[in-house]
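A quick write-up on the structure given underneath.
Every read-out reported here was derived from the displayed coordinates using simple, explicitly stated rules and does not represent laboratory data. The shown structure was predicted, so the numbers you read here are calculated from the model rather than taken from an experiment. Virtual Cβ from ideal backbone geometry, glycine too; neighbours counted across all protein chains shown.
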Amino acid sequence: MTTKTRSSESKSSESKIQDDVKETAHRIWLAGLGALSAAEEEGTKLFSRLVDRGRDVESRGKVEVDKVVDKANEVVDKAKSKASSSWEDIGSKVDETITSALHRLGVPTREEIRNLTQRVEELNAKVELLRPRVTHAAPAAAEKAATPKPAAKSASKVV
């Protein structure tokens, strides 16, 4: 009976080893399922946390972008102002140079032309006031011219 005992003991120990292996495999399987479940839960939580962090970064980024845009607009406005001022300075210098050159050439200024025009209009008005006197005097002068004068004797006679 010793062989029978040994063989039954060996079968029983093999069976126990098989049961242990099955149990261990089953536990590994359950651990894997648990890990998958935990990863799913934690993954969802992690995903939500990452989305929240992304929103924070995005909003901070927008604030920073707005600041940069505002600064850029300020720089552009300053540059426009400076360019406009420089352009006005250049324009006035060009005007002064041209006016000076025209003055040296004897070309009258707009103000001088206005003054001369006004003076001519005043003189025309005075001439118009004097014109009726000249027309009254003209017929009398014409009558004197129409009366014959005696011929003057000439000092030398031509033969």
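Using a Förster radius of 35 Å, what is the FRET efficiency between ARG27 and ASP56 based on their Cβ-Cβ separation? Nearest 0.05, please. Between ARG27 and ASP56 the formula returns 0.25. A Förster radius of 41 Å combined with the Cβ-Cβ distance from LYS126 to SER86 puts the calculated FRET efficiency at roughly 0.20. For the range 1-80, a crude dipole built from +1 on the beta carbon of Lys and Arg and -1 on the beta carbon of Asp and Glu, taken about the Cα centre, is about 200 debye to the nearest 20.
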